[in-house]
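Written out below as structure tokens is the structure these notes cover.
The values are calculated or read from the model by the stated rules, or taken from the named source; none is laboratory data. None of the values given here were measured: they were computed from a predicted structure. Ideal geometry is used to build each Cβ from the backbone, glycine not excepted, and the neighbour counts take in all protein chains shown.
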Amino acid sequence: MKKLKAGEFACEPDARQAAEHWIAANTGYIFQDFSISTSSRKANAKRGRPRIDENLKTVYTIVASITRNEEQIRAEKEKPGRFILATNDRSLEPESMLDFYKQQSHVERMFRFLKDRSFRISEVYLKKPERIEALSMVMVLTLLVYSVLEWLIRKHMKEQGLFIPNQVRKPTQNPSLKWIFMKFAGVTVVSADIDGKIHRQVSHVDESVVKIIGILGPDCQNCYQ
């Protein structure tokens, strides 16, 4: 609750009308101890104490305590929010349209990889529009493969109950594909010629890499023996 002292009015009806207008515009509050006080002012609006024979005018001031209208505030909070989604695809059901809308943030996050320094796109200088379009097409296809592979790995990890440590060494079933690439960056293929026969050995394959290789299937397993 707080005190409110508002305005000066020429007559009492104007003061009451102003108070009613304020309450109508601020439904989250209610008046308590409402009153209208009167006081005298010099008609010429000059400073100083008025003379005995000087004309004075009476002014009316709203004085009240205001407090929150908890019932009204609660009713406003219970009203559901509304927003409009529109599409030119009339075959879409409202639920499908809402689901697609909620997924757009994921798409935008995935496109951030175009600016990732790991892919060194900023080092590619192209001027011809057709070459820029071709590079963009390649990157979009790359993003498609990137997204599918990430989804596939996460799906199989959940189905098989597998976990690998994330960047802060906590177990996760939703690793990013970039993090998986970093895990494979340390894998090294060592080849040695012994008595004219080439021996090939893959080193630095930890438990996380083994799990990912197993998820990717026999072809990937053959590559890493």
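Quick notes on this one:
- Residues that are among the hydrophobic types (A, V, I, L, M, F, W, C) and touching a residue at least 12 places away in the same chain (Cβ under 8 Å), drawn from segment 159-177: L162, I164, L177
- Any hit, segment 191-213, residues being touching a residue at least 60 places away in the same chain (Cβ under 8 Å), on the phi < 0 side of the Ramachandran plot and surrounded by 12 or more Cβ atoms within 10 Å (Cβ to Cβ): no
- From the list R90, R169, R82, the one residue that fits, being of a type in the set (K, R) and either in contact with a helix residue (DSSP H, G or I) (Cβ under 7 Å, 6 or more places away or on another chain) or within 23 Å of G214 (Cα to Cα) (or both), is R169.
- The criterion of at least 1 residues that are at pLDDT below 80 and surrounded by fewer than 10 Cβ atoms within 10 Å (Cβ to Cβ) is met, among helices (runs of 4 or more DSSP H) falling completely within segment 57-121, by 70-78, 104-110.
- Taken over segment 154-186, the residue count meeting the criterion of being touching a Pro at 6+ places or on another chain (Cβ under 7 Å) and in a helix (DSSP H, G or I) is 0.
- Exclusive hit being at negative phi and either modelled with pLDDT of 85 or more or among the hydroxyl-bearing types (S, T, Y) (or both), set K46, K42, K128: K128
- Residue list for segment 159-215, restricted to those being within 31 Å of the chain's Cα centre (by Cα) and of a type in the set (D, E): E159
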